[in-house]
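Computed from the coordinates by the stated procedures, all read-outs in this text should not be read as laboratory data. Just so it is clear, the model here is predicted, and its values are computed rather than measured. When we count neighbours, we look across all protein chains shown, and the Cβ atoms used for this are built from the backbone with ideal geometry, even at glycine.
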Amino acid sequence: MPKTIREINEKIKKGKAVVVTAEEIIGLVENDGLQKTAERVDVVTTGTFGPMCSSGAYFNTGHSKPRIKLGGGKITLNDVPVYAGFAAVDLLLGATALPESDPQNKVYPGEFKYGGAHVIQELVAGKDVKLSATAYGTDCYPRKKLDTLINIKDLNEAVLFNMRNVYQNYNCAVNLSDKMIYTYMGALRPQLGNAYYCSAGQLSPLLNDPHYKTLGIGTKIFLGGGEGYIAWQGTQHAPTVKRKATGIPQAPAGTLALIGDLKGMSPDQLVGTTFQGYGVTLTVGVGVPIPILNEEICKFTAVKDEEIWTQIVDYSDAYPNCKPGSLGEVNYAQLKSGKIQVKGKEVPTGALSSYSKAVEIAETLKDWINEGKFLLTEPVAPIPGVESGLTFKPLKERPWE
């Protein structure tokens, strides 16, 4: 019998819901069969913990005395530039923002250490952050300079807003050139010296609901150690990417935009991270609960690493214009084994995401639901699927006239 989210929530409130992780559901389906498992299990929890560059936060600092119009001024937090093109005291901080003094602004792989993501982590940790501002002054906002310490507990609002997280599958990156290259997929050694991937595979949220049948705008999730919501499809959302018979995309596909109260999050789940020669990013913990409404959804959540395939992509001269699949594809069981075969060569693999942290997130979300602390939400609108025709387009460059 099909279930509803309302029925599952009633079971959660009574402490009778059966909740398992995306790891545990695999064994249950193998041992008990799909029908029996779908009838018994109510929720499957997923998790991922990896670098997600398209992340950030916005704040309202409150007004100083006398007032200052930060909007339009030059603002920094711990010397990291902040966008202030809003009202008087609303600020937007990007995870990849770097101080002007950072050596990454020079043309070489600098040993930079700090950026917007680190400011976010320090705020969440309850540390004081230095706010410096210069403004042009107006009759209603006469102050022109402000230097003060701020703390998250004193901010009116502190909101994590990530415009592209939880990529549904991603490339396996290699380097065919004769020199070391430094990328957002890590430092890639020359001549297939290593390969990096970035996904939790069978635990990853969008690989357990590949057609977005249970999640949508308004879905409540685990975000950064606290609660958050799916706000929209993420930027570069491309559900039309070619899929296997299992429904799993074979390359980067769907994405999610996420939002949540930064004040309820944890510095262990929002980690400022530096990639040599590339820049700063925010490593984010995300967990999505999937209600088992029917057998089809249960089948999707039982996906295994060996059933999830991704493309091997050369990140040297060919990227991003190389033909997908020109170097072949691999599954996540092969990637997690520590070595793959590329062009007849054995190549060691490494993960940019943490599978152990993904397991921890899925387990934590499972505990929250079992304890009745976390109820599921009905999406208010769907995430666009394959039928939408959405794809990721390159920039169409046109000369100025």
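Helix 355-370 and the long axis of the chain differ in direction by around 80°, with both axes built from C-alpha atoms. Any chance you could check the Cα centroid distance between segment 369-401 and segment 120-184 for me, in angstrom? Comparing the Cα centres of segment 369-401 and segment 120-184, I get a distance of 23 Å. Maximal additional length on extending the Asp367-Asn194 stretch stands at 58.5 nm, based on 0.36 nm per residue less the C-alpha distance. Within the same chain, lysines fewer than 8 places from Lys343 are excluded, and of the rest, those with a Cα less than 22 Å from its Cα are Lys179, Lys323. Cross-link partners for Lys357 among the lysines, with Cα-Cα distance under 17 Å and sequence neighbours closer than 8 places in the same chain left out: Lys336, Lys366. Take the alpha carbon atoms of segment 210-279, find their center, do the same for segment 1-43, and report the distance between the two centers in whole angstrom. Cα centroid to Cα centroid, the span is 23 Å. In summary, the convex hull built on the alpha carbon positions of segment 1-159 has an orientation-averaged projected area of 15.3 nm².
Among 285-292, 371-378, 349-356, 272-279, what's the highest-first ranking by average C-beta atoms within 10 angstrom per residue? Mind showing how you got there, number by number?
Numbers: 285-292: 27.2, 371-378: 15.4, 349-356: 17.4, 272-279: 19.2.
The peptides rank, most packed first, as 285-292, 272-279, 349-356, 371-378.
When the helix-only estimate is applied to the chain (DSSP H runs of n ≥ 4, each -39,500 (n - 2.57), divided by the residue count), what is the mean residue ellipticity at 222 nm, nearest 500 deg cm²/dmol? All intermediate terms of the calculation are to be shown ahead of the outcome.
Values: 8 runs with 66 residues, N = 401.
Value at 222 nm, helices only: -4500 deg cm²/dmol.
Taking the Cβ-Cβ separation of Ala87 and Val380 as r and a Förster radius of 22 Å, what is the calculated FRET efficiency to the nearest 0.05?
On the way: r = 27 Å, r/R0 = 1.23.
After rounding, the FRET efficiency stands at 0.20.
Gain on full extension, evaluated as 0.36 nm per residue between Met180 and Tyr136 minus their Cα-Cα distance, stands at 11.2 nm. Which lysines have a Cα lying under 25 Å from the Cα of Lys74, excluding residues fewer than 8 positions away in the same chain? Reachable lysines: Lys65, Lys106, Lys113, Lys127, Lys130, Lys144, Lys145, Lys153. About its Cα centre, the chain has a charge dipole of approximately 600 debye under the convention of +1 per Lys or Arg Cβ and -1 per Asp or Glu Cβ, with nothing else charged.
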